[in-house]
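I have placed the structure first, in the form of structure tokens, so that the comments after it can refer back to it.
Every read-out reported here was derived from the displayed coordinates using simple, explicitly stated rules and does not represent laboratory data. Owing to the predicted nature of the structure, the values given are computational and were not obtained by experimental measurement. Note that each Cβ is placed from the backbone with ideal geometry, even for glycine, and that neighbours are counted across all protein chains shown.
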Amino acid sequence: MKMQKQYETYQQNSVLTASPGELTLMLYNGCLKFIHQAQKAIQEKNIEVKHINITKAQNILSELISTLNYDYSISSEMRRLYDYMISRLVEANIKNDSLILKEVEEMITEFRDTWKEVLVINRKKQYNSNGLV
């Protein structure tokens, strides 16, 4: 029980001290976690757990939409992709369809991996601009 409490405190501190870029990465990872749990629930024929986890994934995508900066043209394209993924998750939920979940998982994984690369590039730029090379 004590370890669980320590882990929860660690997770909370991770979120509170994360940069906006790291928070976005956490959202992508959380979305993937919930999709995996929904896939498992479909295999186990646990409709309630499937629904809960798909809904959590949809909520994360809605949060990602709310963080888009429309000063950049790419944001409109990302909005369309997020909306598409949400609609596919709704369909997967209705149809208990693991293949649709797999499709969304692959899209989110691609977004997440790209975002990781952006964070690394930005850290290197920041490191170099601070004369720490």
The local net charge around K50, scoring Lys/Arg +1 and Asp/Glu -1 for residues other than K50 whose Cβ lies under 12 Å from its Cβ, equals +1
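With viscosity set to 1.567 mPa s at 4 °C, what whole-number translational diffusion coefficient in µm²/s follows for segment 19-129 from Stokes-Einstein and a Kirkwood radius over Cα pairs?
89 µm²/s
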In terms of Cα to Cα distance under 30 Å, which lysines are near enough to K45, apart from those fewer than 8 places away along the same chain? K33, K56, K95, K102
